[in-house]
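Visitor: The structure's right below; bear with me while I get my questions together.
Coordinate-derived values only; no laboratory data. Given the structure is predicted, the values throughout are model-derived calculations rather than measurements. A quick note on method: Cβ atoms are made from the backbone with ideal geometry, for glycine too, and the neighbour counts reach across all protein chains shown.
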Amino acid sequence: MRPPEPIVSVVIATFRRPDLLRRCLLALCAQRMDRRGFEVIVADDGCEPRIADLVAGLAAAHPGLALRYTAVVRTQGPAGARNAGATLARGELLAFTDDDTIPSPDWVREGYLALAALPAWCAAAGRVVVPLPQRPTDHERDTGGLAEAEFVTANCFVRRSAFERVGGFDERFTRAWREDSDLQFRLEQQVGPVGRIGGAVVEHPVRPARWGSSAAAQARVFFDALLFKKHPRLYRARIRRVPPWDYYAIVLAALVAIGATLAGSVQVAAMAGTVWLVLTGAFCLRRLRGASWTLPHVLEMLATSIVIPPLSLYWRLRGALAFRTGFL
């Protein structure tokens, strides 16, 4: 007799993080839901044998749960990996989470019950809990923003029919940034309402980060340009209302100071340099407000506050040129 088809298909994109993936999968193996009612699909963007072995080992240890692995060779990035996993899904509901989360024991069941009770919703976002200290670092606070986001792939549920109708994730988003907002906006515009499920909870612990990670993170702004091109009105209404004029002012002041110095105009260089120093100092203090004031963190904030404005504008310009949009 053929086993029943699962109702929910959990799709996890992963890339070379076996320890985090194992933690996530163990939480899914402990779900308080009939194991015949859901399946788990691991879409491996790194195509690593150790990930395949990990999934196979857990599948053998939990024979009642359909735990499947697919190597993603056609695309690059989590958007493409999630699409590859979704093509294998048998459930009528797709549940997405990331390999660095810990789904609560009722996560799958709560997501399914909420959407079953509200057929008008084409998708819904669950709740993301990010444990933070009282005075977090900049990196910790950045990760903490997931708890306030409208719709993130760390915790969302999408009807498979709606997902297929909009064409899934846009695979031009080749890193984990803004591909979830793009999916949300397209679902709302083309299918129907996207709701929120307070009872479907995943925990997202903060991963350690390298010194100066906030500077490297500016590369994400490249994909803000793509989201802006596709949804300019929604981007301004729900992502960022105005361009980062303070960044433009800081970079302009620095360029004027450098140019005046080269031209031998000492007074203009001093004035522009003072403006740059004041604006950069104010930017650094804003970042430190409510954050950790340990000496290493303060020094990191000082250094990264100097490089973030020009780096951010560089990636904004690259994105605007790459996607041919007037993105400021």
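Visitor: Only loop residues by DSSP count here, and only those with at most 16 other Cβ atoms within 10 Å; note down the trypsin sites (Lys or Arg not before Pro) in the range 154-191 that meet that.
Guide: Passing both the DSSP loop test and the Cβ count: Arg172, Arg175.
Visitor: To the nearest 20 debye, what charge dipole does the range 239-328 have about its Cα centre, counting +1 at the Cβ of each Lys and Arg and -1 at the Cβ of each Asp and Glu?
Guide: The calculated dipole for the range 239-328 is roughly 400 debye.
Visitor: Separate question: Measuring from centroid to centroid over Cα atoms, what is the spacing of the range 186-208 and the range 266-328 in Å?
Guide: 31
Visitor: Using only DSSP helix segments of four residues or longer, with each worth -39500 (n - 2.57), what per-residue ellipticity at 222 nm results for the chain after dividing by its residue count and rounding to 500?
Guide: My calculation for the chain gives -15500 deg cm²/dmol from helical runs alone.
Visitor: Also, I was wondering about something else. Report the local net charge at Pro78: Lys and Arg +1, Asp and Glu -1, summed over other residues whose C-beta lies under 13 Å from its C-beta.
Guide: -3
Visitor: Then there's this: Please report Glu92, Glu179 as a ranked list, fewest other C-beta atoms within 10 angstrom at the top and most at the bottom.
Guide: Lowest to highest Cβ neighbour count: Glu92, Glu179.
Visitor: Right, another one. Helix hunt in the chain: which complete DSSP H runs extend at least 20 Å axially by C-alpha with mean Kyte-Doolittle at least -0.5?
Guide: 245-263, 266-288, 295-323
Visitor: By count of other Cβ within 10 Å, fewest leading, how are Phe38, Phe323 ordered?
Guide: Going from least to most buried by this count: Phe323, Phe38.
Visitor: Hey, of [x] 16; [y] 50; [z] 25, which did the structure itself give for percent of Cα pairs over 37 Å apart when calculated?
Guide: [z]
Visitor: Taking the simple approach of a point 7 Å from Cα along Cα-to-Cβ for both Ala116 and Arg23, what is their distance in nm?
Guide: Those two pseudo-labels are separated by 3.1 nm.
Visitor: Go through Ala60, Ala27, Ala71 and say which Cα lies farthest out towards the positive end of the charge dipole of the range 1-75; charges sit on Cβ, +1 for Lys and Arg, -1 for Asp and Glu.
Guide: My answer, from the dipole projection, is Ala27.
Visitor: If you don't mind, another one. Rounded to whole Å, give me the distance from the Cα center of the range 21-90 to that of the range 150-171.
Guide: 17
Visitor: Work out the charge dipole of the chain with +1 on the Cβ of Lys and Arg and -1 on the Cβ of Asp and Glu about the Cα centre, then indicate which of Ser265, Ala124, Ala147 is farthest towards its positive end.
Guide: Ser265
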